[in-house]
Structure formats: structure tokens, C-alpha cells
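In what follows, a single structure is set out as C-alpha cells and then discussed.
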Amino acid sequence: MMLRRWIAAGMVAAATVGVLSAVPAVAERPYDPAAQSLRALGLRHGLYIGTAVDMAALNDPADPRYRELVREEFSTVTAENVMKWESLEPTRGGYDWAAADEFVATARRDGQRIRGHVLVWQNQLPAWLTAGVADGSISTAQLRGILRDHITAVVTRYRGRIWQWDVVNEAVSDPWDNPPALHYKGFWAEHLGPGYLADAFRWARAADPTALLFYNDYNIEAFGSGNPADDKTQFVHDMVRGLLARGVPIDGVGSQGHLGTQYGNYDPIQVAEALHRFAGLGLATAFTEVDVRSRLTDRVQAGDSEEINPRLQASAANFHVLLQACLAEPRCLSFTVWGFTDRHSWVPGWFDDPPQGLATIYDENYQPKRAYQLMKADLIYAGPPYVRPRVTPRPRR
Ligand code: XIL
């Protein structure tokens, strides 16, 4: 009875959005949702489930499971590094497209949508650029031209093949920065002023009329005080509202979703409310880099299950909170994890003092963790009336 109701709801949802990827119920073998991939289950809702892809792991012949799982479990992919500026333009005007081309070709062959990451960011810039600005050999006017040329070259190369572009990434400071009042931070704001944001979106739109253009950032999963001086979500909300008011072609806001179990984090209602308020501006939303890390204390590292289990549970709960909120917001188009296995995760290398890890949905041996099962359960048991078909905006001009 329950199963039949579920199948009926699934068929309605799939039919409404025009995708019927999971074929329910053959007579001999009943449809078993738990045996479906995240990819198939997401598409019942018109929701794309994604992962960041590490090209070295994808190409490692000794690690075939990585490639298999990327293909089987995910309907959208993001290049973890190979579309960043230092990779694409290692020398001034000298582009190296090889790895990014291969990433795009693989995704297309596997029928996956692509999130382009990233056009403008203060990290992973090539040394020629930062050194040239520092020593004065690149003037402000030249820097603006360099930015325009880079965006134009990259977006043009992949024109028509990128679903969502992260046009600007992490432009806003955090309350622990100096000064603590939230402000536009980093290389581009320091050298060009905040006007570079509007320019970047306009240049990206000029090079690709169909990609959805996103602003992407972390710590914008939920509203705080509502004061833009200390509430980053409010600051970003006000920022994108201002861009829209000036006719800037921005289509979406990406919430990275890098969480940690030590922080407790949010509940689905808070997160859904934030998505809903961004959607209320007429924008798409997406979770773009979800992972939920934990402190690796000595006892965790020694394999003490009493220490490990609560971390796995808490991590799973945070994936669930974000996914449930996304499912509930028709304009939340995709849910991407930043690496899907602890075997290839940026967390241990980046957050090493104190050590952190256990941040993804599969363990180091590609065994699905509690987080994977909880995501799967969300995709199986969520349905109308709370969960509705996705609404994709037309690219704004
Ligand atoms: C990270 C990658 O995962 C690492 O491999 C790299 O060394 C540093 O960047 N926010 C982003 C991503 O937008 O691009 C970052 O990716 C993680 C934080």
C-alpha cells in the first residue's frame, strides 16, 4: 500500500517535470527504490545530484571505482580544480584546456550536466597575475581587461555546454576577518573595487546566452541577525538584490554547504527559509559544495567506534538538513557534494590543525556511509505536497 502510493507520487513528479529516468515496477521484480542511484532518485524530483570531480582520481587506472561512482551516482559534475584560473591560464594569454576539455567531454558522454567552476575568485590565481599586480607591471586598467579576456575566453570555449557557471566565488568577508564588519574581500575587490561583480556577470552573459550565471559562497545557508554588517546571508541577499535592480544578468545563488559537526549547524526549516528568500528574488538556488567534516581526535584516529559513530551520524544529519531544504524549494536546482569519498576529499589536507575529516558520503573504501543512506531516504520518502517540480529560470539579459 505504502509502496504503491510512493510509486504513484514518483510517477506524477517525474511526469510533471518531463523526466522519467527511474522506470518503476516491472511485474516480476518490484521496483526497489533503495537499489536506485542518487542520480535516478534525484531526477524523480527533477533535482540534479552532483559531485566535484578530481581529474587525477578519475584518470587513475588503479582506482576504477571512483570513475564508476561518478558516472552512476551523479547527474551533474563540477571540476574540483581544472577550471580554475591557475589551471586554465598558467601563463598570460597562454591557455591549457586539456584537462578541462577532458572533464567536459567525459561529463557529456556520461549524460551529466556541468557546473562551471569558477570564473572569478581570489584563490588559485596564477603567479603571473598576482605578481604582476604586486610589482606594478599590471595596471588597474590592464587588470580589468585581463579579467574580461579570461571570462570571455573560458565561457566562449564551453559555450552551450555549461548548465550553471559560478561567475563570482566567495566575494564577501566573514565576521572573523579584519575589519569584522562584512565587506567585499580579496584580490579583485582590493584592486578593482566591487564593480567587478557586475562586470563579470555581464561579460559572462555576453559570451554565453544560455548558461545560468551564479554567485557562489559559503556560510550563507541560513539567515542570522538580519544585519548585513554581521549576517553574511543578509549581506549576499542585499548584494544580489542590488545587482538585479541594476539589470545585472545573475540567475542564481549557490550555497556551498561546507559544514562541520562541531558547529551543530542548522535545521531544515531555517535553511529552507533562506533558499526561499533567495528564490523570492526570482533566482535559482543550488547547494554547490556540500561536505560535513568532523574533528579527528586521537580516539577517532585510533578507531574508537564510540567516538566515530556520533560523528558519522551528525555528518549524515547535516547532509539531510540541506537536502531536505533543497527538495522543498522548487528553485533549488541541484545538490552537489564536494567530493563523494573520504579517499579523495580536500578536507584532511586543508583543515589539518586540528585534523579534520570524515566529511563525505562514502568512506575511503567506497562503502556508503550513513550520510549516503540518509540522502537516499530523503530522495525516496520526500514527495508532494512539500516537494514540487523544479522551476528553471530563463537566462536573464
Ligand atoms: C578546493 C579544492 O577542493 C582543493 O583541491 C584545492 O586545493 C583548493 O580548493 N570553496 C571552493 C572550492 O569554491 O573551489 C574549493 O576547492 C573549496 C572551497
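Read-outs: derived from the displayed coordinates by stated rules, not from any lab. No experiment lies behind these values; they were computed from the predicted model shown. Quick reminder, even Gly has a Cβ in these numbers, built from the backbone with ideal geometry, and neighbours come from all protein chains shown.
Odds and ends about this structure:
- In region 56-193, a dipole from Cβ-located charges (positive for Lys and Arg, negative for Asp and Glu) runs towards its positive end, and of TYR66, MET83, GLN124 it is MET83 whose Cα lies farthest in that direction.
- Packing-based ranking, highest mean first, of 134-142, 44-52, 279-287, 172-180 given that Cβ atoms within 10 Å are counted: 44-52, 279-287, 172-180, 134-142
- Size of charge dipole - region 179-269 - debye, nearest 20, with Cβ of Lys, Arg +1 and Asp, Glu -1, no other charges: 260
- Vicinal HN-Hα couplings computed from phi for region 240-253 (Karplus, 6.51 cos²θ - 1.76 cosθ + 1.60; Hz; Gly/Pro x): 6, 4, x, 4, 4, 4, 8, x, 6, x, 10, 10, x, 10
- Highest to lowest packing among 372-379, 34-41, scored as the average C-beta count within 10 Å: 372-379, 34-41
- Extension gain from ASP32 to ARG65, taking 0.36 nm per residue of separation minus the Cα-Cα distance: 9.6 nm
- Over region 25-147, all Cα pairs binned in 10 Å intervals from 0 give whole-percent P(r) values of 12, 33, 25, 17, 9, 3, 1, 0, listed from short to long.
- Rounded to the nearest 0.05, the FRET efficiency derived from the C-beta distance between ALA56 and PHE223 at R0 = 41 Å is 0.60.
- Anisotropy class of region 325-397 from Cα gyration tensor, a/c 1.5 cut: oblate
- Per-residue packing, averaged as other Cβ atoms within 10 Å, sorts the ranges 110-116, 351-357 into the order 110-116, 351-357, beginning with the highest.
- Full extension of the chain between GLN373 and ASP110 gives 92.3 nm of extra length, using 0.36 nm per residue less the Cα-Cα distance.
- Magnitude of the charge dipole for region 20-125, about its Cα centre and with charges confined to Cβ atoms of Lys, Arg (+1) and Asp, Glu (-1), is about 400 debye.
- In sequence order, region 99-108 has phi-based couplings of 5, 5, 4, 5, 4, 5, 5, 5, 4, 5 Hz under the Karplus curve 6.51 cos²θ - 1.76 cosθ + 1.60, θ = phi - 60°, and Gly or Pro positions carry x.
- Inter-part distance, region 289-354 to region 182-254, computed on C-alpha centroids, equals 26 Å.
- Remark: TYR266, TYR381, TYR95 ranked as TYR381, TYR95, TYR266, counting other beta-carbon atoms within 10 Å and listing the fewest first.
- Gyration tensor (alpha-carbon) shape descriptor, region 105-236, a/c threshold 1.5: oblate
- Electrostatic tally near GLN36: other residues with Cβ closer than 14 Å to its Cβ, Lys and Arg +1, Asp and Glu -1, net 0.
- Only Lys, Arg, Asp and Glu carry charge here, each on its Cβ (+1 for the first two, -1 for the last two); on that basis the chain has a dipole of about 1860 debye about its Cα centre.
- Pairs of alpha carbons in the chain whose separation is greater than 30 Å (percent): 40
- For LYS185, residues with placed amide H under 5 Å, excluding near neighbours: VAL172, SER173
- Between ILE146, PRO249, TYR215, the Cα set farthest toward the positive side of the dipole of the chain (charges on each charged residue's Cβ, about the Cα centre) is that of PRO249.
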